[in-house]
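These notes concern the structure reproduced below.
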Amino acid sequence: MNSLAGKRIVLGVSGGIAAYKAVEVCRRLMDSGAYVIPVLTKGATRFVGRATFDALASERTQMSLFDEDNPIPHTTLGQAADCIVVAPATARVIGAYAAGISSDLLTATLIATRAPVVICPAMHTEMWEHPAVADNIATLVERGVHIVGPESGRLAGGDEGAGRLSSPADIVAGVTRVLGAGSGPQDMAGLSVVVTAGGTREPIDPVRFIGNHSSGKQGYAFADEAAGRGADVTIVSTVDRPGPPGATVVSVDTAEEMAAATTKAAADADVVIMAAAVADFRPIDPAGVKLKKRDGVPAIQLEPTPDILASLGASKPEGQVLIGFAAETCDVADNAAAKLNGKGADYIVANDVTAENAGFAHDTNEVLVLASDGRAHSIGLRSKRQVAQAVLDLVVADRDGRADVR
Ligand code: PMT
């Protein structure tokens, strides 16, 4: 498929064991019609030979900032590129890029370009989870850099964990999506999607309520992403914010109102995404007038609110995809698994809301996705929109592979 025809893509390769997969990325980019210019770091050549890329790519491999024929190779490459993808991206390259250090042709080109950049991290779990790497990724995400991966799986040395380079197919799909090419964006056309967003407000009296820190950003990111891929979107929201063009927004305040609106909208939905932070408890008997200090400290009796996710799970129509969330502060995987089994959802998207740059109100998030068939996918720190992209990529792929597609 020529989805990248006419696109000039700089393929940066840095020195990690996963560099051998860059050969497959190069071939797939070429097969998609792209014009590929390989830029290898010195470290990369300890794992793959430049001759391999010379044979596969549109131009010979470039490595040096000091080129006899061209005194400014980095600006030439950066200005002419439609996209720069770095696969694998080591902790060193990520750190240099975040710090603006141009110590070789690849990092100089990254800083010299105005084109979209796709970074595909690959490193051992301990390195991927190091605060310095997490901060560098958050910095790049906030600057609009796209992050693809890493996945969880087998690593060099026989270890298992997060930090494995995404598959060449996923990397090329990520580049295709960033360039807005290919049929990817409309892969939810015809689907009806319901998203809940924001934190509920449970009244104590007409002035006060029990609430939480949810801003609605993650829910709206799912609504934007689903709408951008052609879905018909309804947002049940506690946040005063318009949805994407064409979306229906149903405004609610309390868990009770969210339950009624979501149950109604979900009856005919293909996909339901419960990203809202719904209160588990509410005051049994909210006062009709503002409570006065002179009357002393009020004792507020609480009662459980309706469990919307559980009731949707119990009455899920055949073929409907139900995605629950889990806001955790510890034992994320275990708590998420308990919710997945207990609520009848197809997926649980779990986030540690105490993690840096993740959870409530941040522009970025980091999630663990558990599927009802036992699969687990770690989606490392990136923008909430990119989290939504990655989760919906999984849902669409599963739906396409399902017999009982609605
Ligand atoms: O909105 P942001 O600022 O962007 O923050 C994003 C987020 C942290 C709110 C989001 O990523 C998230 O974690 N949303 C779920 C928050 C939550 O209520 O998690 P929970 O573990 O308490 O609930 C589990 C699931 O049950 C959730 O899908 C929730 O919507 C649902 N639920 C909870 C209580 C209830 N009475 N009914 C429900 O349906």
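With N set to the residue count of region 99-215, report its C-alpha Rg divided by 2.2 N^0.38 Å to two decimal places.
1.49
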Viscosity 1.002 mPa s, temperature 20 °C: give me the Stokes-Einstein translational D for region 145-292 in µm²/s, with Rh taken as the Kirkwood radius over C-alpha pairs. 120 µm²/s
So which GluC sites (Glu not before Pro) in region 313-385 are both in a DSSP loop and have at most 13 other Cβ atoms within 10 Å of their Cβ? Glu318
What is the distance in Å between the Cα centres of region 26-42 and region 157-177? 16 Å
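Out of all DSSP beta bridges with both ends in region 8-179, state the antiparallel percent to the nearest 5. Don't skip to the answer; put the middle values down first.
Numbers: 4 of 21 bridges.
So the antiparallel bridges in region 8-179 amount to around 20 percent.
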Longest to shortest principal axis, alpha-carbon extents of region 192-399, angstrom: 60, 36, 32
Give me a comma-separated list of calculated 3J(HN,Hα) values for region 122-132, in order, Karplus coefficients 6.51, -1.76, 1.60 applied at θ = phi - 60°, integers in Hz, x for any Gly or Pro. 8, 5, 5, 3, 4, 6, 4, 8, 5, x, 5
In region 1-146 the accessible area split gives carbon plus sulfur, as whole percent at 1.4 Å, a share of 54 percent
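How large is the accessible surface per residue of region 30-99, computed with a 1.4 Å probe and reported in Å² as a whole number?
Working: 3260 Å² over 70 residues.
Here the per-residue accessible area is 47 Å².
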Long-range amide H partners of Ile204 with built H, under 5 Å: Phe209, Ile210
Radius 14 Å from Cβ of Gly313, net charge of other residues (Lys, Arg +1; Asp, Glu -1): 0
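I'd like to check one number: the per residue accessible area of region 192-399, probe 1.4 Å, reported in Å² as a whole number.
The answer is 44 Å² per residue.
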Applying a 10 Å radius around every beta-carbon, put 62-72, 46-56 in order of their mean neighbour count, most first. 46-56, 62-72
Within straight cross-link reach of Lys264, meaning Cα distance under 19 Å, which aspartates and glutamates are found once same-chain residues fewer than 8 apart are removed? Asp232, Asp253, Glu256, Asp307, Glu318
So what are the ³J(HN,Hα) numbers for region 81-89, from phi and the Karplus equation (6.51, -1.76, 1.60; θ = phi - 60°), rounded to whole Hz, Gly and Pro as x? 6, 8, 6, 10, 10, 10, 9, x, 10
Most packed first (mean Cβ within 10 Å per residue), the peptides 293-302, 192-201, 235-244, 206-215 order as 192-201, 235-244, 206-215, 293-302
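So if R0 is 22 Å, what FRET efficiency would Lys42 and Ala99 give, r being the distance between their Cβ atoms, rounded to the nearest 0.05? Provide the component values of the computation, followed by the final result.
Values: r = 19 Å, r/R0 = 0.86.
Once the sixth-power term is evaluated, E becomes 0.70.
If a/c stays under 1.5 just call it rounded; otherwise compare a/b with b/c (prolate if a/b is bigger, oblate if not). Do that for region 1-94, with a ≥ b ≥ c from the square roots of the Cα gyration tensor eigenvalues. All intermediate terms of the calculation are to be shown ahead of the outcome.
Numbers: a/c = 1.56, a/b = 1.08, b/c = 1.43.
Because a/c hits 1.5 or more and a/b fails to exceed b/c, region 1-94 counts as oblate.
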With r defined as the distance between the Cβ atoms of Ser64 and Ala397 and R0 fixed at 30 Å, what FRET efficiency is calculated, to the nearest 0.05? 0.15
Given a cut-off of 27 Å, what percent of all Cα-Cα pairs of region 8-179 lie beyond it? 16 percent
For Lys42, which lysines qualify as cross-link partners when the Cα separation must be under 21 Å and same-chain residues fewer than eight apart are set aside? Lys21
Overall dimensions of region 265-307 as given by Cα atoms, namely Rg and Dmax in Å: 16.8, 53
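How big is Rg to Rh over the chain, alpha-carbon atoms, Rh as the Kirkwood inverse-mean-distance radius?
On the way: Rg = 23.6 Å, Rh = 22.7 Å.
My calculation puts Rg/Rh at 1.04.
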Pairwise centroid distance, computed over Cα atoms, of region 185-207 with region 270-343, Å: 14 Å
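Using just the helices of the chain, give the 222 nm mean residue ellipticity in deg cm²/dmol: DSSP H runs with n ≥ 4 each add -39,500 (n - 2.57), and the total is spread over all residues, rounded to 500.
Working: 13 runs with 132 residues, N = 406.
When only DSSP H runs of four or more count, the value is -9500 deg cm²/dmol.
The values are calculated or read from the model by the stated rules, or taken from the named source; none is laboratory data. This structure is a prediction, so every number in the text was calculated from the model and none was measured. We place every Cβ from the backbone using ideal geometry, glycine too, and count neighbours over all the protein chains shown. Each accessible area value is taken on the protein alone, full model and side chains, heavy atoms only, with ligands, DNA and RNA left out. Shrake-Rupley method; radii C 1.70, N 1.55, O 1.52, S 1.80 Å.
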